[in-house]
Each structure stands twice: as C-alpha cells, then as structure tokens.
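Visitor: Take a look at this one; I'll ask things after.
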Amino acid sequence: MAMADAAQFWDKIAPKYARDPIKDMESYELTLNKTRGYLQPDHEVLEIGAGTGSTALMLAGNCAHITATDLSEKMLEVGREKAWNDGIGNISFDVRRAEDMPEGPFDAVLAHNILHLVEDLPGVLQRAHAVLKPSGVIISKTFVKPKSGLHLTYRIMKLVLPVMQLFGKAPFVAFHTRAAFEAAFRDASFEIVESGHFPAGQERLYTVARKT
C-alpha cells in the first residue's frame, strides 16, 4: 500500500478508531506500566505509529516530552484535541511515516502496535538506532506469528486479510516469527533487554532493545 493510500485508509477509519474502546485493558495497562519503568522525567521520547495519541497521553507524565508521529493527519487531530482537553502540553504531534523519524536525539522510541504494519522493518529499526542517544531504547509491542498450534485469530487473519487488502479495507500486515523479529533488532545493532508475551498467551510480543 503506497503512503498516500495508507494515509487515506487510516484517515478514513480515524473517527471509528477513536470511538472504539480498548479491547484488552489488562494487557494495555500492563504494557503501559512496563514501559513507564524505562522512562525518566528528563527523557525525550519519540512515538511512531501514535494513532490518536492514547499511549502518548498516558505516558506524558513520565517524561519531559513526547514527539508523537503517525502518517494519518486525522488520527493526530484526535490526539491534539485530547491533549488540549486534558491540559497536557508536553506532546507534539507530527505527520510522518514510521521510517521518517525526526533527528532527535531521543532517549526512547516507542513502537506500540506498529512494527507489524511497516513494509521495511530493517529500515525502520536502523532509523530508530540512528535517532536514539547512546544506550537509548526502542520499546515495541508487535503481533508475531503464534509459536505453535492452529491459533484461530491467526488462521482467520491469513484467510481474510488478502481479500480485505485487495479492496482497500485493510493495511499491509507482516507475519514475522518471534525469532525473525528479534533477529531484526540484533541486525540493526540493538541488544534485546526484555522480550515476552505479557500476559502469557498474547499474540503481541513486548520487546525492549537497547542501542549498542
């Protein structure tokens, strides 16, 4: 999906996306709390694939500033309105592709629910490495292929997704194995600090990797 097409797709679904409640609040809260453990009050943070800014808004109190980026202007408009309504002034919203990261430097790059949607994972990780300060971290929560068994959600996605993509009803999705996903971080000169499914059984892998 070309950038313009992808932006149009996310722009179109932005209102519904903003209205839909978080499906697994337990998992979301756990992700936020684990991420807070890597942030400090003086940290400059970049979030790619920020969507409507929900994660940035929840973490804004744990760092100095968050630059929230997304390729969808409509998604970011929702985030700006939320930040204004909540009186949160340390988030800036910027329309950018995941790989088009600002120069920084940043203490942390957040990539929650985005890396399985990028077509050039190595390129995105290399760019993240470039904009991070020495020993900075990238924190990701990403869908990966189930390790074993006939996982129902995965089977449905594999069957339905190509048809939806054909009609512009779904974005690009990569199906990385956990091993290949973690290897991509190491290939981009990151050291994996933490990687696991939290809570256990989740399809989405929480990964923290430090710049080396």
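The values are calculated or read from the model by the stated rules, or taken from the named source; none is laboratory data. A quick note: this is a predicted structure, and the numbers were derived from the prediction, not measured. Virtual Cβ from ideal backbone geometry, glycine too; neighbours counted across all protein chains shown. What goes into the accessible areas is simple: the full protein's heavy atoms, side chains included, and nothing from ligands, DNA or RNA. Shrake-Rupley method; radii C 1.70, N 1.55, O 1.52, S 1.80 Å.
Visitor: How much solvent-accessible surface does Trp10 expose, in Å² to the nearest 10, with a 1.4 Å probe and all protein chains in place?
Guide: Solvent-accessible area, nearest 10 Å²: 60 Å².
Visitor: Leu132's amide H: which non-local residues (gap 5+, or another chain) put their own amide H closer than 5 Å, with H modeled 1.01 Å from N in plane and none for Pro or chain starts?
Guide: Phe106
Visitor: Given H placed 1.01 Å from N in the peptide plane, which residues other than close sequence neighbours of Ile192 have an amide H under 5 Å from its amide H?
Guide: Arg210
Visitor: Using θ = phi - 60° and the Karplus form 6.51 cos²θ - 1.76 cosθ + 1.60, what ³J(HN,Hα) does each residue of region 19-24 get, whole Hz, x for Gly and Pro?
Guide: In residue order, the calculated couplings are 7, 5, x, 5, 6, 10 Hz.
Visitor: Counting only protein chains, not ligands or nucleic acids, how are Arg127, Arg80, Arg19 ordered by accessible area (probe 1.4 Å), most first?
Guide: Largest accessible area first, the residues go Arg19, Arg80, Arg127.
Visitor: Long-range amide H contacts for Phe143: which residues qualify at under 5 Å (H placed 1.01 Å from N, peptide plane, sequence gap of 5 or more or a different chain)?
Guide: His116, Leu205
Visitor: Work out from phi, with θ = phi - 60° and the Karplus expression 6.51 cos²θ - 1.76 cosθ + 1.60, the ³J(HN,Hα) of each residue of region 56-73, listed in order in whole Hz, and give x for Gly and Pro.
Guide: Those phi angles translate into 4, 5, 6, 9, 4, x, 9, 8, 6, 7, 10, 9, 9, 10, 6, 7, 9, 5 Hz.
Visitor: Calculate for the chain the 222 nm mean residue ellipticity that helices alone would give, adding -39,500 (n - 2.57) per DSSP H run of length 4 or more and normalising by residue count, nearest 500 deg cm²/dmol.
Guide: It comes out at -12500 deg cm²/dmol, rounded to the nearest 500.
Visitor: What ranking of Ile13, Ile48 comes out by heavy-atom accessible area, probe 1.4 Å, highest first?
Guide: These residues rank, largest area first, as Ile13, Ile48.
Visitor: Something else now. On average, how much accessible surface per residue is there in the chain, in Å², for a 1.4 Å probe, leaving out ligands, DNA and RNA?
Guide: 51 Å²
Visitor: Could you work out the local net charge near Cys63, counting Lys and Arg as +1, Asp and Glu as -1, over the other residues with Cβ closer than 11 Å to its Cβ?
Guide: -3
Visitor: Let me ask something else about it. Students sometimes get this wrong: rank Lys145, Lys74 by accessible area, probe 1.4 Å, all chains present, largest first.
Guide: Lys74, Lys145
Visitor: Around Leu205, what is the net charge, scoring Lys/Arg as +1 and Asp/Glu as -1 over all other residues with Cβ under 15 Å from its Cβ?
Guide: +3
Visitor: Taking the Cβ of Gly123 as the center, what net charge do the other residues with Cβ under 13 Å away carry, scoring Lys and Arg +1 and Asp and Glu -1?
Guide: Net local charge, Gly123 excluded: -3.
Visitor: Heavy atoms of the protein only, probe of 1.4 Å, neighbouring chains included. What is the accessible area of Glu26 in Å², nearest 10?
Guide: 130 Å²
Visitor: Rounded to the nearest 5, what % of DSSP beta bridges with both residues in the chain are antiparallel?
Guide: 40 percent
Visitor: Carbon and sulfur: what percent of the chain's accessible surface (1.4 Å probe)?
Guide: After summing per-atom areas, the C and S share lands at 55 percent.
Visitor: Rounded to the nearest 10 Å², what accessible area does Ser72 show when all protein chains are kept and the probe is 1.4 Å?
Guide: Result for Ser72: roughly 0 Å² accessible.
Visitor: For the chain, compute the number of Lys pairs whose alpha carbons are separated by less than 19 Å, excluding pairs fewer than 8 positions apart on the same chain.
Guide: 17
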